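Worksheet: one structure, shown below.
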Amino acid sequence: MSITTQRLSENAVDFIDEAHINDLLDNTQGDVVRVREIIAKSLSKQALSLDETAELLAAEDPAVIEEIYEAARSLKREVYGNRIVLFAPLYVGSYCINDCRYCGFKRSNPDAIRRTLTMDEVRAQVKVMEDMGHKRLILVFGEHPWYGPEYIANVVRTVYDVQSGHGEIRRANINAAPLDHDGFKIVKESGIGTYQIFQETYHHKSYAAMHPPMTRKSDYLWRLDALSRAMEVGQDDVGIGALFGLAPWKFEVMGLVAHSLHLQNRYGCGPHTISFPRLKPASGVKINTRLAPDDEMFKRLVAVLRLAVPYTGLICTARESAQVRREVMAFGVSQIDAGTRIELGGYTEVGDSQCLEKEQFTIGDARSLDEVMGELLRDGYIPSFCTACYRLGRTGEHFMEFAIPGFIKRFCTPNALTTLMEYLVDYAGPETLAAGEIAINAELARMPDGSGKTDLIERLNRIRTQDDRDLYV
């Protein structure tokens, strides 16, 4: 089922120079002086090159590695403050024509229980998610002719139409198959946020081994080029990712950085988000996980990515345990999912236990949204459901104009506080409500006096005492 005859992006190229990446990984020494120079460059919010990223990956001195962690903590505070953006996945369809060897949805899995939500079922799922307090979600689709761009766009419009009380979904992101130019344009026009496509692995041999011939996904370049096609039709908010465990983890870090640099150099802005999930058990899957980084290496790769791509949101999903997520939020991660269910219909039909035959993989953090919110607040974070940048056009190059110098905090902290207040008033349990009020008061106390603070306090009071919602700058 070859699709190589379909039109690639203009001047499409395989920008993963495997020989060059391997040469850097094999021959870079992690020189202490050089590493410290690179850290200084990153702290000035400049993206790192591949050779600079390789230097950070090569560092072996424990004291220098700790400097990398501390720099990542500092950079995250500078660019993102203490905000953590929250979202949840909504799986819409699990039929798939691919046969990826690591995925529970692969077409050859006889145990997989397939399903596509009807539009009424989508509405029911979204209503429950809104009643939990969610404002942002990512719609997940298998790769199947049923899930074409018109169908995806229709699901997006259906999601936006659902309102329950004060609840509404303000940003629907997409995780779906690569499309052609016309397909990306159709989906963009439905009002999506980020279009996310994981390369899965940037390592060519590993990619071929994991994605059998005669499947759509076997075409490495079609997938690698996908977000370039999206950006050519104006979808400037894109997300990349790799599934760690399919190839050596340092190679995947280099692949993600190479992808970011390619988008930055060609289109003027890099990816909005980077994801780095680790390989997890799945129904019908027998695969060696020896290449998956352990917890220490996982924390290291997060810190290196934070320094290499300072302006990009880093996502750590509920594949990871609550403890691992808690650790990596300190020095890199800026977005997490919460209250996550990955079974089709999972928000209305199942309890806390997983049924792997109905799901893509095993998750490690099945806590409720309110439990996660409470922990974030107690740990000193401001949970955010903000969608203002996207809705005001601060995406792509415009987002980078704000994010790279750190000015984005002028918008993001106030908007995070108003969305937090919405959650506290409308959905929070008593303990989360108390922790949230303390956190908001602490943030206000740290803000300088002036019209911005006065206006924010007025918006917060309107949310607390009236039905006013969705107040942002």
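Derivation of every value follows stated rules applied to the coordinates shown; laboratory data play no part. It should be emphasised that the depicted structure is a prediction, and the values quoted were computed from it without experimental measurement. Glycine also receives a Cβ, built like all others from the backbone with ideal geometry; neighbour counts cover every protein chain displayed.
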With r as the distance between the Cβ atoms of Asp17 and Arg391 and R0 = 41 Å, compute the FRET efficiency 1/(1 + (r/R0)^6) and round to 0.05. 0.60
Under a plain spin-label model, where a point goes 7 Å from the Cα along Cα-to-Cβ, how far apart in nm are Glu458 and Ala322? 4.1
Taking every C-alpha to C-alpha distance in segment 1-130 and binning by 10 Å from 0, the per-bin percentages run 9, 20, 20, 26, 22, 3
Per DSSP H run of at least 4 residues, take -39500 (n - 2.57); add these up for the chain, divide by its residues and hand me the 222 nm value, nearest 500 deg cm²/dmol. -14000 deg cm²/dmol
Based only on other Cβ atoms within 10 Å, what is the fewest-to-most ordering of Val333, Val79, Val128? Val128, Val79, Val333
Which FRET efficiency value, to the nearest 0.05, is calculated for Asp111 and Arg73 with the Förster distance at 30 angstrom and r the Cβ-Cβ distance? 0.10
Please turn the phi angles of segment 284-290 into ³J(HN,Hα) values with the Karplus equation 6.51 cos²θ - 1.76 cosθ + 1.60 (θ = phi - 60°), one per residue in order, whole Hz, x for glycine and proline. x, 10, 10, 9, 6, 9, 5
For the peptides 174-180, 413-419, what is the packing order when you average, over each peptide's residues, the other Cβ atoms within 10 Å and list the highest mean first? 413-419, 174-180
Contour minus Cα-Cα distance for Ile97 and Arg410 (0.36 nm per residue): 108.1 nm
On a C-alpha basis, how far is the centre of segment 45-90 from the centre of segment 112-190 in Å? Whole number, if you could? 32
Taking the beta-carbon count within 10 Å as an exposure proxy, list Leu263, Leu376, Leu433 from fewest neighbours to most. Leu433, Leu263, Leu376
Counting other beta carbons within 10 Å of each residue's own, what order do Met214, Met231, Met132 fall into, fewest first? Met214, Met132, Met231
How many percent of Cα pairs in the chain exceed 36 Å? 25
Out of the DSSP beta bridges found with both residues in the chain, what percent are antiparallel (nearest 5)? 10
Modelled label-to-label distance, Val32 and Asp161, 7 Å Cα→beta-carbon offset: nm? 6.5
Can you compute the label reach from Arg7? Point 7 Å from Cα along the Cβ direction, backbone N cut-off under 20 Å, restricted to segment 165-205. 178-190
Alpha-carbon Debye profile of segment 406-465, log10 I(q)/I(0) at 0.13, 0.16, 0.17, 0.21 Å⁻¹: -0.32, -0.49, -0.55, -0.81
Between Val473 and Leu444, the FRET efficiency computed from the C-beta separation at R0 = 25 Å comes out, to the nearest 0.05, as 0.95
Cα gyration tensor shape for segment 232-331, rounded if a/c is under 1.5, else prolate or oblate: prolate
Name the shape class, rounded, prolate or oblate, that the alpha-carbon gyration tensor gives for segment 268-310, where a ≥ b ≥ c are the square roots of its eigenvalues, rounded holds for a/c under 1.5, and otherwise prolate holds if a/b is larger than b/c and oblate otherwise. oblate
